[in-house]
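Some notes on the structure that comes next.
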Amino acid sequence: MSSEITELSEEGGSCRLQTAIMGNKISQRMKAQSSMLLIIIVIMIFVGLAVFLLGLASTVGGNEFTALYVNNLLLSVMRTDTGYTDSRCKLVSDLVFCAYFTPEWQCGPGVPNCLELANNTISNYMAIFGNATKNMKYLFTVTPAFVVRDPSGEPISLDIGDNSLKKSKTESLKLYSHPLVISKTVGSNQYTLKIQLIISKK
Amino acid sequence: MLAVHRIFQMIFGVIVSVTILYFLITYSGDYAAVQKDRQRGEILVSFTHDARSVYVTGISTNFTHFSKYDFSSCFVNATQRSIPEIICPDSRVSGVPIETPVIFKPGKQVYIGRDSLDYGWWSFGVAEAIPSATFVFNPLESTNEGWNIMTNIVQHLPDTSDDWSVVKVSFAFCDGPQILYVCGGRACEKSDFLSILSSGPLGASFSPCTANLGKNTRLVTISASCGSNREVCVNPPNSKGVGNAFVEGSAKTYVYKDPLDLVALSVGGAEKDDFGRTGAEKIYEYKNSVHMPRLSLAAQVMSKRSVLIAGESPSECGPVYIQLAQVLDKIPSSIDYTSVSEMYDLNDNLNEAKQIYQTLLDLGCERVEYGL
Amino acid sequence: MDCKSTGARKGQSEIMEYILMVVFIVAAIIAIIIFLTWWNLQQFQMDTFKNRQDRVVGIGQYMMGDYMFTNGDSVFDDAKLTAINATMTCQELQKILGTNWYVKIKALDMDGEKPCRWNDYPDCNVWSICAYKENAKDRFGQNFPVNVYRKVSDKTALAVLYVEVYS
């Protein structure tokens, strides 16, 4: 570049020199600009990569534990004895069956019907469990093996607990259990229900 | 003619480039080696998770990540003092703890399934992680005992007939120079082979197997006299269910008292490692190192439990619980699984305890199920 | 003279621009190396957390599945748990599950906490396996929902299994 300038100045004509100098300045500025642009692009790529990697860094390590927790909670509650000796009300799972198929059945004299008793018993056990560990919002959803739908197309289910958990999306940590399938023989018929538990921080 | 500053640019550029490249290559080399070791560690940890999951849930799975690197030297080693570990002598990554009892034979892909020994009052659960293999049986005498040995081994190996499984465990016979594929010209799945075995001895005896065995073939010879047999050879058991087994290339006598001992020997095979130990020996010793202490502890606990609840139980149950406690007390706290006489006594006591526990079930003193 | 000095200044500015580029690139490479090192440290810390949680889950799942403690499938047997406390030293269980852990099972069918020793059975609801270490460091514990089967009354109660590991 400097040799070109020397040649131009030797050839004479300040006008040509000035034009050449101006041209040089412009091309140098453009070279500098493109270099800066290149550097900025490279920096942006690295920053983007860092952000992406940082995004990955958010822990997903709790999955095995949380899955075990919510599935065990569902199973443990369903297996617990209620204290009632009537065969339709002995375990919590029996009570849930009774509440779904024969909600008006009474588990003993002076005792509330199955539906009310299921709600009270589960609420009581979840409160006891919550006091021992951590209080949480819960919802047990009970549906038959063959989905039955109401006129609006929604599956008919028995919900015990906080109904808002079914559709809400604002909870930061919401855990779903695998559906627990339970079959029982009532009279001469066999019935199958699917029970799912949803829990969330309070 | 180049300007001075151009020359300076070039020289400076070369120096900086070489310096940067040198550090980058050195760092990348170290980083890559660390990452490779890290990956090996991750794969082994992932395997322990899968094995534990199968052990707890009973839901089988395939583990295919071993294909990424060479894990052929790995085995599970039980120590006296602490949790067993997965040891890989050929690798820097070794000593991954695994508390789940697992019969493990390395391979590119392994099938992980659950199995158990049911004693009635207790059950010893174990996960089995086995690569694709064909178990070839060579019963030299056509006897019921020999057939029972084969049935016991096959019953305690996984059923890989599911479509989703890429690992296949299959079964065949060997007679002299020929391997007999008795399921439509192909090796049998577990259920088909068990059906064939259930019909009893075929009548004719087999000749010692001289067939060419492939890499994934495990030969099990059943004979009253195990001389210079190939792979694994099993003597029929005595009336107490205890017998001897031998492994090619090893002078040791392996005492077996339950089907899992035979599974451990068959799965392990006669191939030796750099230290001269066969796969069969390693798995057999590991299996008994985890099984026997747990059996002793479980017997002690169950004995104490029986005494504890005898007084709180209905009148017909109390004496039976005391009887169970007395039998279980005879099981020693430290069991020598290499002693034939100790294994006789052990099996005697275990059989008796099982019968007493069945009596408790029949009387309604113990529940059959505790679930929903 | 002017053109020569202008040329020299232009040459200098080109060199400066070149050096600036090199400095930026070297700085970017050093930044990447520092970032990767920091990243590995973060991963290591996460791994430590994951390892401890994994150990807690491992001990918990083992106990929930072993017939020495349970009647299968997370249903602990109160008589077996009481017998374990009466029979076993922690060392024997440590051969199976390693060291530096503590387990407490509490049945929720009773108010308060009544430790289960041989003479308290069956009117008790808490079983501790391996003593709780007061001065232990780096504790990490998790609760698991389980059941305890009451042998004498033939009833299943809701319970909590607490597993803790420490350094």
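Residue by residue through segment A:136-154, note down the ones that are touching a strand residue (DSSP E or B) at 6+ places or on another chain (Cβ under 9 Å) and more than 23 Å from A:Ile182 (Cα to Cα).
A:Met136, A:Lys137
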> For segment B:107-156, list the strands (runs of 3 or more DSSP E) that sit wholly inside it and hold at least 2 residues that are within 14 Å of chain C (Cβ to nearest Cβ) and within 13 Å of the chain's Cα centre (by Cα); which are they?
Replying inline: B:110-118, B:123-131
>> Taking the criterion of being more than 26 Å from B:Ala51 (Cα to Cα), open to solvent by 30 Å² or more (accessible area, probe 1.4 Å), touching a residue at least 12 places away in the same chain (Cβ under 8 Å) and not in a strand (DSSP E or B), would at least one residue in segment B:164-184 satisfy it?
In response: yes
>> Please determine whether any residue of segment A:103-117 is open to solvent by 10 Å² or more (accessible area, probe 1.4 Å), more than 14 Å from chain C (Cβ to nearest Cβ), among the β-branched types (Val, Ile, Thr) and assigned to a loop (DSSP other than H, G, I, E, B).
In response: yes
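For (1) open to solvent by less than 10 Å² (accessible area, probe 1.4 Å); (2) at the interface with another protein chain (Cβ under 7 Å from one of its Cβ atoms); (3) in contact with an Asp or Glu (Cβ under 9 Å, 6 or more places away or on another chain), each residue gets a yes or a no:
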| residue | (1), (2), (3) |
| --- | --- |
| C:Gln45 | no, no, no |
| C:Asn51 | no, no, no |
| C:Ile59 | yes, no, yes |
| C:Asp73 | no, yes, no |
>> So in segment B:185-230, with the set limited to residues that are charged (D, E, K, R) and in a helix (DSSP H, G or I), which one is most open to solvent (accessible area, probe 1.4 Å)?
In response: B:Asp192
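Results for (1) within 11 Å of the chain's Cα centre (by Cα); (2) touching a residue at least 40 places away in the same chain (Cβ under 8 Å), shown as yes or no for each residue.
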| site | (1), (2) |
| --- | --- |
| B:Lys257 | no, yes |
| B:Val267 | yes, yes |
| B:Glu271 | no, no |
| B:Ile283 | yes, yes |
| B:Leu295 | no, yes |
| B:Ala299 | no, yes |
| B:Ser306 | no, no |
> When segment C:88-106 is examined, which residues are found to be under 20 Å from the mean Cα position of the chain (by Cα) and either part of a loop (DSSP other than H, G, I, E, B) or aromatic (Phe, Trp, Tyr) (or both)?
Replying inline: C:Gly98, C:Thr99, C:Asn100, C:Trp101, C:Tyr102
>> Can you find, within segment A:157-202, the residue that is most open to solvent (accessible area, probe 1.4 Å) among those that are among the basic types (Lys, Arg) and without any contact (Cβ under 8 Å) to a residue 40 or more places away in the chain?
In response: A:Lys169
> Among the numbered criteria (1) open to solvent by 10 Å² or more (accessible area, probe 1.4 Å); (2) at pLDDT below 95, which single criterion is violated by B:Pro131?
Replying inline: (2)
> Do you know which residues across segment C:28-37 are at the interface with chain A (Cβ under 10 Å from one of its Cβ atoms) and modelled with pLDDT of 80 or more?
Replying inline: C:Ala31, C:Phe35
>> With within 14 Å of another protein chain (Cβ to nearest Cβ) and under 24 Å from C:Asp154 (Cα atoms) as the only criterion, which of A:Asp81, A:Asp86 stands out?
In response: A:Asp81
>> Show me the strands (runs of 3 or more DSSP E) found entirely inside segment B:1-96 where at least 3 residues are in contact with a helix residue (DSSP H, G or I) (Cβ under 7 Å, 6 or more places away or on another chain).
In response: B:75-77
> How many residues, within segment B:304-324, are within 18 Å of B:Asp362 (Cα to Cα) and not in a loop (DSSP other than H, G, I, E, B)?
Replying inline: 10
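Let's see how each residue does on (1) open to solvent by 10 Å² or more (accessible area, probe 1.4 Å); (2) more than 10 Å from every other protein chain (Cβ to nearest Cβ); (3) in contact with a strand residue (DSSP E or B) (Cβ under 9 Å, 6 or more places away or on another chain):
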| position | (1), (2), (3) |
| --- | --- |
| C:Asp120 | yes, yes, no |
| C:Asp123 | yes, yes, no |
| C:Arg139 | yes, yes, yes |
| C:Val152 | yes, no, no |
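The values are calculated or read from the model by the stated rules, or taken from the named source; none is laboratory data. No experiment lies behind these values; they were computed from the predicted model shown. Glycine gets a Cβ as well: all are built from the backbone with ideal geometry, and neighbour counts include every protein chain shown. When the accessible area is computed, the model is the full protein with side chains, heavy atoms only, and any ligands, DNA or RNA have been set aside. Shrake-Rupley method; radii C 1.70, N 1.55, O 1.52, S 1.80 Å.
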